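The structure appears below as structure tokens.
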């Protein structure tokens, strides 16, 4: 990772979505003011950006744009799910690009950030120089079921038991739906308890070796509420897209001209490698002509971008695309 740096510009992108609601998005710019632009798309949805996210990029070459998506991080209103869909966020990225007078930029995202990057690129393919994606997630029903119902539960039984605890046994056949009820409960104590349990499940399973810092973050009230409420809102609504939409031939055909580098942890149980492989197969379907597709499977890593092998490959990928594209 590159050394820590501070932003040279911070700002707000205000979007009035109704007479009574303005989504105010926090953004920041660091690195070189006349550098090659890159936009970082954080995970979750609802995760927010972290200062360390700037460190994937060479500050002498990149103009580094980070922003918090609707309801996440420093964006307000916090944890707001009103007017908050995949396509709202795609439009926000375009608004931010236009506000910053950037013609085209590299797009860098992991986990939910990879979902949003694919959705953005397929909507605005002429605005993307390259895609660097980590822990591929395309929001198919099979992916959600593996992590939230029957899959990862077999590998982390002790954490799965904690995750089940807030849900009545008769409602456990659909955990996403059950948590949706809890996270929207009028009782603040129930909402917060559910948010922390939901957040812990992901934090406890994201790395090959569990991080105590991640577990402690899941106990932070503000983070847990925004992370859990926004994630669940997206998942209970199937990401506001058709099942498998991002992998359909008509979708992939729009972006085959864009160079892509995928970094995937072998033991990622949040977004298993089968999805990254499905993206590769869709990209190369029927011998279609395409730009470069590079696939890195990191053998000693899980899901988190903070694992050493993942960090290394992401930094190398960012270094490669700024030189070549």
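The values are calculated or read from the model by the stated rules, or taken from the named source; none is laboratory data. Because the structure is predicted, anything quoted here is derived from the model rather than measured. Positions of Cβ are backbone-derived with ideal geometry, glycine not excepted, and every protein chain shown enters the neighbour counts.
Yes or no: region 38-61 includes at least one residue that is exposed (fewer than 15 other Cβ atoms within 10 Å of the Cβ) and either in contact (Cβ under 8 Å) with a residue 40 or more places away in the chain or in a strand (DSSP E or B) (or both).
Looking for residues that are exposed (fewer than 15 other Cβ atoms within 10 Å of the Cβ) and either in contact (Cβ under 8 Å) with a residue 40 or more places away in the chain or in a strand (DSSP E or B) (or both), one finds at least one in region 38-61, hence yes.
Yes or no, residue by residue, for (1) in contact with a strand residue (DSSP E or B) (Cβ under 6 Å, 6 or more places away or on another chain); (2) without any contact (Cβ under 8 Å) to a residue 12 or more places away in the chain; (3) in the same structural domain as residue 177 (by TED's automatic domain parsing); (4) part of a strand (DSSP E or B):
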{"residue": "74", "(1), (2), (3), (4)": "yes, no, no, no"}
{"residue": "84", "(1), (2), (3), (4)": "no, no, no, no"}
{"residue": "90", "(1), (2), (3), (4)": "no, no, no, no"}
{"residue": "98", "(1), (2), (3), (4)": "no, yes, no, no"}
{"residue": "103", "(1), (2), (3), (4)": "no, no, no, no"}
{"residue": "126", "(1), (2), (3), (4)": "no, no, no, no"}
{"residue": "130", "(1), (2), (3), (4)": "yes, no, no, yes"}
{"residue": "133", "(1), (2), (3), (4)": "yes, no, no, yes"}
{"residue": "159", "(1), (2), (3), (4)": "no, no, yes, no"}
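State all residues of region 23-37 that are outside any loop (DSSP other than H, G, I, E, B) and free of Cβ contacts under 8 Å to residues at least 40 places away in the same chain; if no residue qualifies, say none.
We begin by selecting, within region 23-37, every residue outside any loop (DSSP other than H, G, I, E, B); these are 23-31, 36-37.
Result: 28, 30, 31.
Inspect all residues belonging to region 297-306 and state whether any of them is in contact with a helix residue (DSSP H, G or I) (Cβ under 6 Å, 6 or more places away or on another chain) and either surrounded by 15 or more Cβ atoms within 10 Å (Cβ to Cβ) or not in a loop (DSSP other than H, G, I, E, B) (or both). It would help to see each step written out before you state the result.
The initial filter retains those residues of region 297-306 that are in contact with a helix residue (DSSP H, G or I) (Cβ under 6 Å, 6 or more places away or on another chain), namely 298, 300-301.
In the following step, the residues that additionally are either surrounded by 15 or more Cβ atoms within 10 Å (Cβ to Cβ) or not in a loop (DSSP other than H, G, I, E, B) (or both) were identified as 298, 301.
Yes, some residue in region 297-306 is in contact with a helix residue (DSSP H, G or I) (Cβ under 6 Å, 6 or more places away or on another chain) and either surrounded by 15 or more Cβ atoms within 10 Å (Cβ to Cβ) or not in a loop (DSSP other than H, G, I, E, B) (or both).
Inside region 239-276, can you point out the residues that are on the phi > 0 side of the Ramachandran plot and touching a helix residue (DSSP H, G or I) at 6+ places or on another chain (Cβ under 7 Å)?
Residues of region 239-276 that are on the phi > 0 side of the Ramachandran plot, as a first pass: 239-240, 244.
239, 240, listed by residue number.
Considering every residue within region 188-196, establish whether at least one is under 17 Å from the mean Cα position of the chain (by Cα) and surrounded by 15 or more Cβ atoms within 10 Å (Cβ to Cβ).
First pass over region 188-196, keeping only residues under 17 Å from the mean Cα position of the chain (by Cα): none.
No: zero hits.
Can you tell me which residue within region 215-241, out of those that are without any contact (Cβ under 8 Å) to a residue 60 or more places away in the chain and within 19 Å of residue 148 (Cα to Cα), is surrounded by the most Cβ atoms within 10 Å (Cβ to Cβ)?
Going residue by residue through region 215-241, those that are without any contact (Cβ under 8 Å) to a residue 60 or more places away in the chain are 215-221, 224, 232.
Cutting the leftovers down to within 19 Å of residue 148 (Cα to Cα) gives us 215, 218, 224, 232.
Working: 215: 14, 218: 20, 224: 25, 232: 27.
Going through the qualifying residues, I end up with 232.
Quickly run through region 269-299 and pick out the residues that are within 21 Å of the chain's Cα centre (by Cα) and more than 10 Å from residue 136 (Cα to Cα).
Answer for region 269-299, where residues must be within 21 Å of the chain's Cα centre (by Cα) and more than 10 Å from residue 136 (Cα to Cα): 269, 280, 282, 283, 293, 294, 295, 296, 297, 298.
Which of the following residues is closer than 23 Å to residue 265 by Cβ and surrounded by 14 or more Cβ atoms within 10 Å (Cβ to Cβ): 181, 153?
On the way: 181 fails: closer than 23 Å to residue 265 by Cβ.
From the options 181, 153, the qualifying one is 153.
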